[in-house]
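Chemist: Have a look at this one before I ask anything.
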Amino acid sequence: QVQLVESGGGLVQPGGSLRLTCAASGRIFSINDMGWYRQAPGKQRELVAAITSGGTTNYADSVKGRFTISRDNAKNTVWLQMNLLKPEDTAVYYCNANVRHLGAPSSYYYWGQGTQVTVSS
């Protein structure tokens, strides 16, 4: 019903930058929170950053001051600008969205397929 398509991952040197994009499509009435999570090998998935429909943001302590999350509600799109990347930022990054469908009393969470970010020299 809803597809989240991520792009923008890749290989970057320490200190470099990447910008991730996630576009949501399908049967969407509105989107509440959108966020980025990441999962490194052997570790649990963790929240990186989240943003409400009103623009309020929340960041993991490990990325504060380096990453910026933003969104365009009209385009159902969220971005993650990642600066000053470190090797420990290496992970698969997943987009997440809390979507309301027309006429539905509840909202539902959807996940993207993930995009690999590798920080290495």
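Chemist: Given the conditions (1) β-branched (Val, Ile, Thr); (2) more than 11 Å from the chain's Cα centre (by Cα); (3) surrounded by fewer than 19 Cβ atoms within 10 Å (Cβ to Cβ), report the number of the one that Thr68 does not fulfil.
Modeler: Among (1) β-branched (Val, Ile, Thr); (2) more than 11 Å from the chain's Cα centre (by Cα); (3) surrounded by fewer than 19 Cβ atoms within 10 Å (Cβ to Cβ), Thr68 violates only (2).
Chemist: Still on this structure, please answer the following. Determine the pairs where a residue that is within 22 Å of Ala40 (Cβ to Cβ), located within the stretch 96-121, has a partner that is open to solvent by 90 Å² or more (accessible area, probe 1.4 Å) and outside any strand (DSSP E or B) with Cβ atoms under 8 Å apart, the partner being 6 or more residues away or on another chain.
Modeler: Val119/Gln13; Val119/Glu88; Ser120/Gln13; Ser121/Gln13
Chemist: Scan the stretch 8-23 residue by residue and report those that are more than 15 Å from Asp72 (Cβ to Cβ) and hydroxyl-bearing (Ser, Thr, Tyr).
Modeler: The answer is Ser17, and nothing else.
Chemist: While we're looking at this one, here's another question. Which residues, counting only those in the stretch 64-78, are assigned to a strand (DSSP E or B) and either without any contact (Cβ under 8 Å) to a residue 40 or more places away in the chain or over 18 Å from Tyr108 (Cβ atoms) (or both)?
Modeler: Scanning the stretch 64-78 gives Phe67, Thr68, Ile69, Ser70, Arg71, Asp72, Thr77.
Chemist: Additional query: Confirm whether Gln113 is open to solvent by 50 Å² or more (accessible area, probe 1.4 Å), closer than 17 Å to Glu6 by Cβ and outside any strand (DSSP E or B).
Modeler: yes
Chemist: Look at the stretch 24-36 and say how many of its residues are more than 15 Å from Ala50 (Cα to Cα) and under 10 Å from the mean Cα position of the chain (by Cα).
Modeler: Final tally of qualifying residues: 0.
Chemist: Would you mind telling me which numbered condition in (1) closer than 27 Å to Ser121 by Cβ; (2) among the acidic types (Asp, Glu); (3) in contact (Cβ under 8 Å) with a residue 12 or more places away in the chain Asp61 fails?
Modeler: For Asp61, the exception is condition (3).
Chemist: Okay, moving on. From (1) modelled with pLDDT under 95; (2) under 19 Å from Gly8 (Cα atoms), pick out the condition that doesn't hold for Arg27.
Modeler: (2)
Chemist: Can I ask one more? Kindly indicate whether Gly55 is outside any loop (DSSP other than H, G, I, E, B) and either over 11 Å from the mean Cα position of the chain (by Cα) or touching a residue at least 12 places away in the same chain (Cβ under 8 Å) (or both).
Modeler: no
Chemist: I'd like the full set of residues that are within 28 Å of Pro105 (Cα to Cα), open to solvent by 70 Å² or more (accessible area, probe 1.4 Å) and of a type in the set (A, V, I, L, M, F, W, C), limited to the stretch 10-52.
Modeler: Hit for the stretch 10-52 is Phe29, nothing else.
Chemist: Of the conditions (1) charged (D, E, K, R); (2) at pLDDT below 95; (3) within 17 Å of the chain's Cα centre (by Cα), Asp89 fails just one. Which one is it?
Modeler: Condition (2) is where Asp89 drops out.
The values are calculated or read from the model by the stated rules, or taken from the named source; none is laboratory data. Since we're looking at a predicted model, the values are computed, not measured. Quick reminder, even Gly has a Cβ in these numbers, built from the backbone with ideal geometry, and neighbours come from all protein chains shown. Protein only, heavy atoms only, side chains kept; ligands, DNA and RNA dropped before computing areas. Shrake-Rupley method; radii C 1.70, N 1.55, O 1.52, S 1.80 Å.
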